[in-house]
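Have a look at the structure below, then the notes.
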Amino acid sequence: MNELINEKRAEALAGSRSLSHNQENAFGISGGNSYNSTYHKAFQEIDYQYKSQCDHDEAVIASSLLVNTYEYNFRNSTEKRFDLLYGIQKLYGMSKFQVRNCMSFMPKKGDPVQVDLVKKHDGRLAMNNLKYCSSVWLCPVCSSRIAAERRKELAQAVESSDAYTVLITYTLQHDRSDKLEDLLKALRRAVNKVKSGRWYEAYLQEHEIIASASSLEFTHGSHGWHPHYHQLLFLRKKPDPDRIHEQLSERFTHFLMKDGQYASSFHGIDVRSSRKDVSGYISKWNVIDELINVQAKKGRSESMNVWQLAQLAVSGDPEASRLWLEYAKASYRKKALQWSRGARELLGIGQEETDEEIAQEDPMDEGELICSFTMREFHFLRDYGFIGEIFFLARIGGAKAINEFMLRVRGAPLELLIPSHNCT
Ligand SMILES: [Zn+2]
């Protein structure tokens, strides 16, 4: 059924005719709001505004019309990530952060000045000649790639070593009046104090802890910001979770209280040692797609992950926008995942690739060319938030659908040659 829908959509998008009633039904459209009229209206407005160089904000509103069509429901996770990135880049305060420049045009010296849309060898669609921001906290596109690599390493470390594993979570009490920056500072300070000195050395020895990986996570709910800190321990001997809980709780709550913060001796530290808990933590580590696909309509009273918050902010919620900026500032330059010294070698996962290295496209994997964009075409697509749209069109209709799209929105087909095998 999905294939049929995609086929018909490709046909409709690539062709210039309107959808018939039956075809509309095939897409599951209900109500009198015709897909094509909304779509065309948005295109015309964007085209008009682009040509007349009107106020940029108005053009943004026009392009958001497009995303608001039901067509958005047909997007896959990758395409939704590009849409969300565009929305985030336009949020208040983002000009100070790298995410604002994600997917900047950066041709290599000597290469033609163009952006190539390609199918990589792993089947993934990608754009070459771009610079990615590698922001694990703010960019849904880069974060997804970085997190996938980090999850692989975590899983490999657990599988390849014969060590036991324990997952610890540190949290502190908070309410809506607490600033995220203050909570994070207090949490990090208390954790760092727990992990220092002779006491900690003795604790590592007692439990035969040989390595650890620490990570930060943020959520926001009815009690305000909820930063938490996870630590995955690798032990030589069978763990004693109750003893670990008792030891860490006492020390952690002590340091928090000295800092004017509080965590209950029971809830401040959570210790899990079952294989299910550990593998659940790893398999969900920063999985954006799941997080994005949860609709952000629940409202702010319930707990939200940061990508739900971003969606709410992008949809125009001013409070979510403010919270997103607060989060951007507080997470700035913080590492999302940190291995203890010597852990990677010990666990057999080798040298660590930086976030920057992971986020960039591999220049050696040129992939199969779908079509190319001139600098002017690419800037048009990027400035008006059409990158997700282009990936969507490439998936369902290849270069031909993209060409038709360009014809509609810019009034001119692609300037560069389309490979003949895509021109069916
Ligand atoms: Zn990015």
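What ranking do ARG198, ARG236 get, fewest neighbouring Cβ atoms within 10 angstrom at the top?
Details: ARG198 7, ARG236 12.
The most exposed by this proxy come first: ARG198, ARG236.
Using the Cα gyration tensor of segment 317-385, with a ≥ b ≥ c the square roots of its eigenvalues, what is the shape: rounded (a/c below 1.5), prolate (a/b larger than b/c) or oblate (neither)?
Working: a/c = 4.19, a/b = 1.19, b/c = 3.53.
Judged from the Cα gyration tensor, segment 317-385 comes out oblate (a/c at least 1.5, b/c at or above a/b).
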Can you list the residues, at least 5 places off or on another chain, whose amide H is less than 5 Å from the amide H of MET103, using H built in the peptide plane? LYS131, TYR132, CYS133
Please report Rg (one decimal) and Dmax (integer) in Å for the Cα set of segment 140-359. 17.7, 52
From the backbone phi of segment 198-209, what are the Karplus-calculated ³J(HN,Hα) couplings (6.51 cos²θ - 1.76 cosθ + 1.60, θ = phi - 60°) in whole Hz, Gly and Pro given as x? 5, 4, 5, 4, 5, 5, 4, 5, 4, 9, 6, 7
Have a look at SER177, LEU187, GLN156 and report the one farthest towards the positive end of the charge dipole of segment 146-188, computed about the Cα centre with Cβ charges (Lys/Arg +1, Asp/Glu -1). SER177
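Placing +1 at every Lys and Arg Cβ and -1 at every Asp and Glu Cβ, with all other atoms neutral, what dipole size does segment 292-414 have around its Cα centre, in debye to the nearest 20? Please list the in-between numbers first.
Details: 16 positive and 19 negative charges, 136 e Å.
Value, rounded to 20: 660 debye.
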Beyond 15 Å, what share of the Cα-Cα pairs of segment 363-416 is found? Please give it as a whole percent. 46
Convex hull of Cα atoms in segment 307-421, direction-averaged projection (nm²): 11.5
Tabulate in residue order the Karplus-calculated ³J(HN,Hα) for segment 106-116, using 6.51 cos²θ - 1.76 cosθ + 1.60 with θ = phi - 60°, rounded to whole Hz; enter x for Gly and Pro. 8, x, 6, 4, x, 7, x, 7, 7, 10, 9
Would you mind checking which residues have amide H under 5 Å from TYR262's amide H? H placed 1.01 Å from N; only 5 or more apart, or other chain. GLN173
In whole Hz, with x marking every Gly and Pro, tabulate ³J(HN,Hα) for segment 88-104 from phi via Karplus 6.51 cos²θ - 1.76 cosθ + 1.60, θ = phi - 60°. 5, 4, 8, 5, 4, x, 6, 5, 7, 10, 4, 4, 4, 9, 4, 6, 6
Full extension from ASN101 to LYS237: what is 0.36 nm times the residue separation minus their Cα-Cα distance, to one decimal in nm? 44.2 nm
Shape verdict for segment 78-219, please, from the Cα gyration tensor: rounded (a/c under 1.5), prolate (a/b greater than b/c) or oblate. oblate
Everything considered on the Cα gyration tensor (a ≥ b ≥ c; rounded for a/c under 1.5, else prolate if a/b is larger than b/c, else oblate), segment 171-284 must be described as oblate
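Among 217-225, 167-175, 83-91, how do they line up by average Cβ neighbours within 10 Å per residue, starting with the highest?
Values: 217-225: 16.6, 167-175: 19.0, 83-91: 22.6.
Answer by packing, highest mean first, reads 83-91, 167-175, 217-225.
Values quoted throughout were computed directly from the atomic coordinates according to the rules given, and no laboratory measurement underlies them. Everything numeric in this text was worked out from a predicted model, so none of it was measured. Every residue, glycine among them, receives a Cβ derived from its backbone with ideal geometry; neighbour counts consider all protein chains shown.
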